[in-house]
Amino acid sequence: MTAPQNKKQSRPEWLKVRAPSSSKYFEIRDMLKGLNLATVCQEALCPNIDECWGGGTATFMLMGDTCTRACRFCGVKTGNPKGVLDEDEPQKVGYAISQMALDYVVLTSVDRDDLEDQGSEHFAKTIETIKENNPKMIVEVLTPDFSANKEHIKRVLKANPDVYAHNIETIERLTPTVRDRRSGYRQSLRVLDSVKQLSPSQYTKTSIMLGLGEKDEEVHQTLEDLKMVGCDVVTFGQYLAPTKRHARHLPVTEFIHPKKFDHWANVAKEMDFLYVASGPLVRSSYKAAEYFMKGVIDKQR
């Protein structure tokens, strides 16, 4: 492990990326703004946005830009949407996808504890709309935990997503500090377990942030726990604080060296995960994992 971060220390070279500059990026950004659609690529300030949008992948954030939870690693604003939902969003997302020439789309969302079904029906309708418009489109969902409600999970699965992802985010000890109190490490494991119970052939995926103060043995235990619930794909990425000024946001404890990410990739591969993406700039919907899953799914089809 590297030494704890000095507050005045700048990011290491491997975490420095250029701001998006391609004409494709600006074209897509303006189109999404016109449709009033949010992408996690923008909301989470993803460092890979230019690369992914130009390469046939994108992650749409459904149900607005206001989350009912307040996780300390996340830059999305928190509040109470009071049940407001754009019923036309599934059609808008379908149109945006057709304009972006995508072949792999990820659907995620803010937490919507203000809705009776926590947004599961909206997820399902969006998947179904996309599949109706383009049956060959590969759709990955990255859902909230839905409070581990099996009926909500079942509704999303009924819409036939190709990959079901839900992020464990961090190791168990740090979860109460890193995530909202309504979230939970064991609750997230139950989500992934329920997906496999309800649909054993469904591909499942999760993501772990490093650099929050986790210990090696705790990361290894997390991988063991994920194997126990049949998780197929795991990604590792560097935690980066959304802002340095917001009191809610946790500071980075460590900048993890790329060699350490290689180590965790090797460990996970030895544990027979179907696929692992691991690197400082890897995010849960990173296109490397998407491209791999596309190959697996195309072959299966």
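Consider just the alpha-carbon atoms of the stretch 194-253 and return their Rg together with their Dmax, both in angstrom.
Radius of gyration, then largest Cα-Cα span, for the stretch 194-253: 14.8, 44 Å.
Post the alpha-carbon centroid distance, the stretch 187-203 to the stretch 101-160, in whole angstrom.
14 Å
For S188, S10, S147, S183, what's the fewest-to-most ordering of other Cβ within 10 Å of each Cβ?
With the fewest neighbours first, S188, S10, S147, S183 line up as S10, S147, S183, S188.
How would you rank Y95, Y275, Y203, going from fewest to most other Cβ atoms within 10 Å of each one's own Cβ?
Ascending Cβ contact count within 10 Å gives the list Y95, Y275, Y203.
Leaving out same-chain residues fewer than 8 places away, which aspartates and glutamates sit with a Cα under 13 Å from that of K158?
Hits, sequence-local ones excluded: E121, E128.
Which entries in the list K131/K269; K82/K125; K259/K299; K150/K215; K33/K77 go over 23 Å, if you measure between the two C-alpha atoms of each?
In this structure, K131/K269; K259/K299; K150/K215 lie more than 23 Å apart at Cα.
Grab the other residues whose beta carbon is less than 14 angstrom from that of K131, score K and R as +1, D and E as -1, and report the net.
Residues close to K131 contribute a combined charge of -1.
Would you mind ranking L250, L142, L15 by Cβ crowding within 10 Å, fewest neighbours first?
By the 10 Å Cβ count, ascending, the order reads L15, L250, L142.
Every number in this text was worked out from the coordinates using simple rules, so none of it is lab data. Predicted model, so just to flag it, every value in this text is computed and none were measured. Glycine also receives a Cβ, built like all others from the backbone with ideal geometry; neighbour counts cover every protein chain displayed.
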